[in-house]
Amino acid sequence: MKRSRCVSLSLSLLLALGFCLIFAYSNTPLGPAIGSDNAIYLTMGTAIAQGYAPYTEVFDHKGPLLFLLQALPQAVAGGYSTLAVFVMEALFLLACLRAVCAIAGEVGAPRLPAQIAYLALICALTDGGNLTEEYSNLFTLLGILFALRAFAGERAQGERLFARALGMGAMAMLAFLMRANNALPLCAMTAVLALCLLARRELAPLRRCAGGFAAGLLLAGLPVVLWLAAQGALGEAIYGSILHNMMYAETDGAGRLHMLLFDRYGHIALLLAALSCLGALTLWRRAPAMTLSLIAGAAGAGLAALISHKYYVHYLVLGAPCAVTGVALLLAAAKRRGKRLCGAGCALCVALCAAILAVSGAQANESRLAWRGEDFDAFTADAQALYAQVPEQERESFMAYRVEPRWYVAAKALPCMRFYFLQEILAQADPAVMEEIVEEFESDPPRWLVIYYNREFGPPYDARVAAIFESDYEFVDARGQYQLLRLKEAGT
């Protein structure tokens, strides 16, 4: 038994490492692409690790758990370490694969094909990796596992019902703290399970489930709330992770129904939901509540992917936990019908997944090389050359304004203003963002500034900010598409 577990764990580890080398290309040791969101998180993690407060000193509209998660590898590695983030991604994926193994074991499905299916479901959607969705999937998978152990039979299993509901509550809260939208699959599953218990008048199990779920929410959420309160950032965390996130989701974009019915994005969302629903139906006779719950979870994942008008492909990763559970249930149904059908089903699953992984792997490598480009080394050298001209003692008053987020990573610089990336775009969601930026430039401006140079971009600089750049700063140097400015001395 121990040997088989070691073999299984080793296979999962090899799958996780191999997958991350190719598909987590933003931080891969093969030559990291850095990317955009990943660059933002590298800066965020480095800043938090060096003592910045979340939201009040370094801002993003993601959840507070992401700040903590990004700070961990940078605290260990000293800042701006892509390798440390790669290791964290590989460990999270390993944990996801082990959770998939446990789900497959719970429903009686072969474990290895289920793991390969999970990788095939997410490979074209990871967008370079180190994004909230891939981390949240671990919590969703564990929540599904707790639900299966409690509700896969005809009736709710009472002995450990409180503990399993507590686990579901904790996982839902952790997903919420990563990004609010990411908790929708587990919340939808939980709501349907509660309604099923209520409809069957199983009030005692319902009370145990409600108490356990609430305890789990509190257990997972309270430490983060206390950390935010200690940082003086609780109010700004609510604004950033919930209010600004909601406003950002409603900024311009295509209609949701159009994307669902007529775009590849919506077709992938429908495919993931279909896999979940088909697998869930195999449970209908012995566990109708679990069937309805998995269907609701698939709907919740679809809602999470379509609630924003941005439609970034990595939002679809949230549908993978319910989809792979559906695949495991289909494989388990084939296994119950005989070894021959099970073998054929597993062979077909593995072959199809291998083809998807091969095609998507080639595309991922092309994306990595495109991000790095021929000018990647020159870009890095230019950023470091400009930042080297900022005196060490004045770097606490440095700002790179509206530049590509990877500029900070290349220069290994940190910002002195909390809105440190895509400022005008953040202000499209909430104009108060730009009001704060203008006020800060007027009352306590950065002494050193890097901005674009001879390059078109949109939306353009806010007119008030552009006027301040023109009147209050003097040119120092230009490298590539960026220029270094210095605040004029009083009276000049």
Nonlocal amide H pairs with TYR473, under 5 Å, H built at 1.01 Å: LYS488
For the chain, what is the relative contact order in percent, using Cα pairs closer than 8 Å and at least 6 residues apart in sequence? 18
Student exercise, the chain dipole from Lys, Arg, Asp, Glu Cβ charges, in Debye to nearest 20: 3960
Extreme residue, positive dipole direction of region 168-292, given options TYR248, ALA269, MET178 (C-beta unit charges): ALA269
Residue by residue through region 170-176, the couplings from Karplus 6.51 cos²θ - 1.76 cosθ + 1.60 with θ = phi - 60°, in Hz, x for Gly and Pro, are 4, 5, 4, 5, 4, 5, 4
Per the 1.4 Å probe, what fraction of the accessible area of region 373-450, in percent, lies on carbon and sulfur atoms? 46
Rg/Rg_globular for region 356-492, with Rg_globular taken as 2.2 N^0.38 Å and Rg from C-alpha atoms: 1.18
Which is the longest part of the chain that has none of the trypsin sites (Lys or Arg not before Pro) sitting in a DSSP loop with at most 16 other Cβ atoms within 10 Å? 1-154
Full-extension gain between ILE425 and LEU13, please, as 0.36 nm times their residue separation minus the C-alpha to C-alpha distance. 144.4 nm
How do MET417, MET247 rank by accessible surface area computed with a 1.4 Å probe, from largest to smallest? MET247, MET417
Compute the longest continuous run of the chain that contains no exposed GluC sites (Glu not before Pro); treat a site as exposed when its DSSP state is not H, G, I, E or B and it has at most 16 other Cβ atoms within 10 Å. 1-153
Cα gyration tensor category, rounded, prolate or oblate, for region 103-185 with a/c compared to 1.5: oblate
I'd like the FRET efficiency for ARG207 and ARG336, computed as 1/(1 + (r/R0)^6) with the beta carbon distance as r and R0 of 30 Å, rounded to 0.05. 0.30
For the chain, fraction of C-alpha pairs farther apart than 34 Å, in %: 39
Restricting the calculation to Cα positions, tell me the Rg (one decimal) and the Dmax (whole number) of region 20-121 in Å. 16.1, 49
HN-Hα couplings for region 224-231 via Karplus (6.51, -1.76, 1.60; θ = phi - 60°), in whole Hz with x for Gly/Pro, come out as 5, 4, 5, 4, 5, 5, 5, 7
Shape call for region 156-201, from the Cα gyration tensor axes a ≥ b ≥ c (a/c under 1.5 means rounded, otherwise prolate when a/b beats b/c, else oblate), comes out oblate
What is the gain in length, in nm to one decimal, between ILE307 and ALA199 on full extension, counting 0.36 nm per residue of separation less the C-alpha to C-alpha distance? 36.0 nm
Rounded to the nearest percent, how much of the accessible area of region 65-173 (1.4 Å probe, protein heavy atoms only) is carbon and sulfur? 61
Tell me the angle of helix 2-23 to the major Cα principal axis of the chain, expressed in degrees between 0 and 90 and rounded to the nearest ten. 40
Under the Karplus relation with 6.51, -1.76 and 1.60 and θ = phi - 60°, whole-Hz ³J(HN,Hα) for region 351-363, x at Gly and Pro, equal 5, 5, 5, 4, 5, 4, 5, 5, 5, 5, x, 4, 5
With the other protein chains left in place, how much accessible area per residue, in square angstrom, belongs to the chain at a 1.4 angstrom probe? 43
Span from the region 362-410 Cα centroid across to the region 462-478 one, whole angstrom: 21
Roll a 1.4 angstrom probe over the protein heavy atoms and tell me the percent of accessible area of region 238-310 that is carbon or sulfur. 73
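The values are calculated or read from the model by the stated rules, or taken from the named source; none is laboratory data. It should be emphasised that the depicted structure is a prediction, and the values quoted were computed from it without experimental measurement. We place every Cβ from the backbone using ideal geometry, glycine too, and count neighbours over all the protein chains shown. These accessible areas exclude ligands, DNA and RNA; they are computed on the full protein's heavy atoms, side chains included. Shrake-Rupley method; radii C 1.70, N 1.55, O 1.52, S 1.80 Å.
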